[in-house]
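Below is one structure, written out as structure tokens; the observations come after it.
Each reported figure results from applying straightforward, stated rules to the coordinates on display, with no laboratory input. All values reported here derive from a predicted model rather than from experimental measurement. Counting neighbours? That spans all protein chains shown, and the Cβs are built from the backbone with ideal geometry, glycine included.
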Amino acid sequence: MKNTFFFIALFVGNMFVLNAQDFYLPVSTTSEEAKKAYQAATYLGSNLRLDAARVEIEKALEADPNYFMAYAYAYQALANDAEKPVLMDKALAIEPSGFTEAEKIMRRQMAAWKADPKAKPAEVMKALTKAYPNTVEAFEYAYLHAFYTDRDKEAGYAYAQQLIKLDPNFGPVYNSLGYYYMDEKEMNKAKAAFEKYLEIAPAEANAHDSMGEYYMTIEDYAKSAEYYDRAVALGLEGSKAGAEKARAALKKAGN
């Protein structure tokens, strides 16, 4: 499924080659409970399990009401328009004197959005990746903002490639690349990207949903329905509409 809000967020941690310090930006919270919940939220969000992600981010903020990065993530990835002003005000009310450099950089962007909700984050993302050139989460923020906020496909592609060099086992980046390639009409590359996401995260419904959309796009409706059905079986109820559309197209094509 293509991400239509800001991003599908962030998680691998020590599941693969990298450890948590390599993956996550440094934060000022000392609550391990809050960190654990934040990491769970970003993993769920990255695979579009958004309701579950919201539960975890609430746990993080309950454990540490001054967890700036949790507010920043919730604002960008999980909140609706009505919720955003409250999250913004709570984030900016936190005393920044003890912030890490990463938090200071992200706070600049939050302040920019406070002044102008349409403020582009391109320069802040450049600063973040320059400050943390070996941290996966920095490039996750950067490529998703480039693709989905700034609509700068060239920058998004470049950041995504840099992320893959840091961690080739981060599945969601291949999802975004798959849609990038489809937009560019490079369908073989799109298929390969979606297949990589499936290889890394076969139990994630969104990986199957995206492949369903790929096959819908190339008009292989039987395979499209098959993948959408798999996504539904894995809990992504929204894929039912895709499966029904694929079957309707298949029936029409057979007439």
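Here are a few things to note about the model shown:
- Take every pair of alpha-carbon atoms less than 8 Å apart whose residues are at least six positions apart; their mean separation over the length of segment 116-228 yields a relative contact order of 15 percent.
- Correct choice for semi-axes √(5λ) of the Cα gyration tensor in Å that was computed from the model, options [x] 30, 19, 18; [y] 31, 24, 15; [z] 33, 19, 17: [z]
- The charge dipole of segment 121-240, taken about its Cα centre with unit charges on the Cβ atoms of Lys, Arg (+1), Asp and Glu (-1) only, comes to about 260 debye.
- Likely footprinting exposure, Thr42, Thr129, Thr100, fewest C-beta neighbours within 10 Å first: Thr100, Thr129, Thr42
- Cα gyration tensor shape for segment 150-219, rounded if a/c is under 1.5, else prolate or oblate: oblate
- As a calculated quantity, the FRET efficiency between Glu195 and Lys84 at R0 = 45 Å, using C-beta atoms, amounts to about 0.80.
- GNM remark for the chain: springs join alpha carbons under 10 Å apart, and the peak mean-square fluctuation among Asp150, Asp64, Asp183 falls on Asp183.
- Residue among Val232, Val86, Val136 with the largest mean-square fluctuation in a Gaussian network model of the chain, springs linking Cα atoms under 10 Å: Val86
- When the square roots of the Cα gyration tensor eigenvalues are ordered a ≥ b ≥ c, the ratio a/c for segment 109-236 is 1.5 or more and a/b exceeds b/c, which makes its shape prolate.
- Helix-only CD estimate at 222 nm, as mean residue ellipticity for the chain, using -39500 (n - 2.57) per DSSP H run (n ≥ 4): -20000 deg cm²/dmol
- Candidates Leu61, Leu163, Leu234: whichever shows maximal mean-square fluctuation once the chain is modelled as a Gaussian network with Cα springs under 10 Å: Leu234
- Put a plus charge on the Cβ of each Lys and Arg, a minus charge on the Cβ of each Asp and Glu, and nothing anywhere else: the dipole of segment 192-255 about its Cα centre is then about 280 debye.
- Ranked Ile218, Ile105, Ile94, criterion: other C-beta atoms within 10 Å, fewest first: Ile218, Ile94, Ile105
- Gyration tensor (alpha-carbon) shape descriptor, segment 14-142, a/c threshold 1.5: rounded
- Each of Lys84, Lys153 was scored by other Cβ atoms within 10 Å of its Cβ. Listed from fewest to most, they are Lys153, Lys84.
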